[in-house]
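Data first, discussion second: the structure below is written as structure tokens.
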Amino acid sequence: MDVKVAKTAGFCFGVKRAVETVYEQIEKFNDTRIYTYGPIIHNEEVVKDLKSKGVDVIHDEEELKKLDSGVVIIRSHGVPKRIHDLLEERGLQCVDATCPFVKKIHRIVEKESKAGKHIVIIGDENHPEVQGIRGWSESEVTVIKTEEQAQAFFASSESGICIVSQTTFNYNKFKYLVEIICEKNYNVSVLNTICNATKERQTEAESIAKEVDVMIVIGDKHSSNTQKLFEICNNACANTYYIQTLDDLNVNQLKSVQTVGITAGASTPNNIIEEVQNNVRINF
């Protein structure tokens with residue numbers, strides 16, 4: 001069997017930086033309670049390991065308001081401005097592990113909204129990254145994910161519209177939705193804030209999926225970028241499977257196939273990718 005593993009599979013820069021930040025804080029503050037505001041990344045295995053080392057997850061503002069001490073690490077997806085303000089208000093030590101590419105969107109949204117522009121975020125309104133981006137706007141915000149939402153979009157602002165994207169959104173879908181909005185003849189400024197790592201990962205995954213009999217996409221079920229990878233690969237290869245770990249792999253799906261492709265989301269640790277890759281190579 002020929003096994004093709006994507007070179008771009010696994011931790012991206014922002015995720016690697018965030019995870020390393022937490023482990024650094026564990027070493028630095030071994031006698032202080034450490035928390036992450038939300039799971040540091042969308043990967044259950046990583047969060048479990050951090051939990052075993054004493055790192056707890058704060059899930060919402062109410063939990064944060066109950067803290068009197070400790071170190072709070074901001075997740076890679078970022079948070080709304082009000083969370084930063086609350087941390088400062090409560091005198092808690094804050095370590096910001098927000099992905100720099102996400103942080104850049106926060107600055108754009110803050111600046112453009114202060115100029116009175118209607119902010120449009122292309123992405124999933126329920127995703128923490130989008131919720132964080134939204135929380136830096138001082139003007140009206142609309143989140144658009146579907147063609148129907150783009151068609152129905154209306155802006156009353158005379159100052160124009162600023163369009164940004166969730167960093168892990170499907171690049172081709174982003175372009176399509178932007179085209180629909182631009183046809184409405186608003187004064188629009190478009191900032192493609194999908195990170196390069198996402199575009200490269202999606203392009204490579206699609207290319208491999210077109211060449212193989214079976215495609216395996218590895219990543220947490222809550223990972224937005226992995227879900228997008230699965231969607232792209234599934235369109236290119238009918239036999240595409242989404243797994244979190246080797247335990248989820250049904251070996252019967254790989255019988256009698258000649259080529260297998262493997263890719264993984266930006267929050268998938270290398271050891272999980274290697275375990276799947278080695279198992280496929282050894283057993284087939």
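Read the figures in this text as sums done on the coordinates, not as results from a lab. Remember, predicted model here, so these are calculated numbers, not experimental data. Using ideal geometry, Cβ is built from the backbone for each residue, glycine included, and neighbour counts are taken over all protein chains shown.
Can you pull the three principal axis extents for the Cα set of the chain, in Å, largest first?
59, 57, 24
What number comes out for the charge environment of Gly132, summing +1 per Lys or Arg and -1 per Asp or Glu over other residues with Cβ under 11 Å away? Could the numbers behind the result be given before it?
Details: positive: Arg75, Lys81, Arg82, Lys103, Arg134; negative: Glu129.
That works out to +4.
Residues in the range 169-190 near a label at Glu200, defined as backbone nitrogen under 17 Å from the 7 Å Cα→Cβ point?
Residues 169, 171 fall inside that zone.
Quick check on the chain: helices-only [θ] at 222 nm, where DSSP H runs of length 4 and up contribute -39,500 (n - 2.57) each and the sum goes over total residues. Nearest 500, please. Before the final figure, lay out each step's value.
Working: 11 runs with 120 residues, N = 284.
Here the helix-only value at 222 nm equals -13000 deg cm²/dmol.
For the chain, what relative contact order do you get, as a whole percent, if you take Cα pairs closer than 8 Å and at least 6 residues apart?
Values: 529 pairs, mean separation 63.2, N = 284.
Normalised by residue count, the contact order of the chain is 22 percent.
With 10 angstrom as the radius, rank Leu249, Leu177, Leu50 by how many other C-beta atoms surround their C-beta, starting from the fewest.
Values: Leu249 19, Leu177 25, Leu50 22.
Going from least to most buried by this count: Leu249, Leu50, Leu177.
Past 23 Å, Cα to Cα: identify those pairs from Lys103/Lys184; Lys103/Lys210; Lys7/Lys51; Lys104/Lys199; Lys16/Lys221, in the order given. Mind dumping the intermediate values first?
Working: Lys103/Lys184 29 Å; Lys103/Lys210 34 Å; Lys7/Lys51 30 Å; Lys104/Lys199 17 Å; Lys16/Lys221 19 Å.
Check vs 23 Å cut-off fails for Lys103/Lys184; Lys103/Lys210; Lys7/Lys51.
Arrange Val130, Val95 by Cβ neighbour counts within 10 Å, fewest through most, would you?
On the way: Val130 26, Val95 16.
Ordered by Cβ neighbours within 10 Å, fewest first: Val95, Val130.
In whole Hz, what ³J(HN,Hα) sequence does the range 88-93 give by Karplus (6.51, -1.76, 1.60; θ = phi - 60°), x for Gly and Pro?
Once θ is set to phi - 60°, the couplings for the range 88-93 become 5, 4, 8, x, 8, 6 Hz.
What list of ³J(HN,Hα) values in whole Hz, one per residue of the range 34-46 in order, does the Karplus curve 6.51 cos²θ - 1.76 cosθ + 1.60 (θ = phi - 60°) give from phi, with Gly and Pro shown as x?
Per residue, the Karplus-derived 3J(HN,Hα) values read 10, 10, 10, 7, x, x, 4, 9, 8, 8, 4, 5, 5 Hz.
Given H placed on each backbone N at 1.01 Å, which residues far from Tyr242 in sequence or on other chains put an amide H within less than 5 Å of it?
The list, which skips near neighbours in sequence, is Val217.
Compute the whole-percent fraction of alpha carbon pairs in the range 1-153 spaced more than 23 Å apart.
Values: 5181 of 11628 pairs.
Counting every Cα pair in the range 1-153, those more than 23 Å apart make up 45 percent.
Just grab the label-to-label distance for Asn278 and Lys51, each label 7 Å out from Cα along the Cβ direction, in nm (one decimal).
So the two model labels end up 2.5 nm from each other.
In debye to the nearest 20, how big a dipole does the range 13-100 give about its Cα centre with +1 on each Lys and Arg Cβ and -1 on each Asp and Glu Cβ?
Numbers: 13 positive and 17 negative charges, 26 e Å.
For the range 13-100, the charge dipole is close to 120 debye.
May I ask you to derive the FRET efficiency for Asn270 and Leu191 from their Cβ-Cβ distance with R0 = 45 Å, giving the value to the nearest 0.05?
On the way: r = 32 Å, r/R0 = 0.70.
For R0 = 45 Å, the calculated efficiency reads 0.90.
Between the range 50-81 and the range 213-284, how far is it from one alpha carbon centroid to the other, in angstrom?
What the calculation gives is 31 Å, centre to centre.
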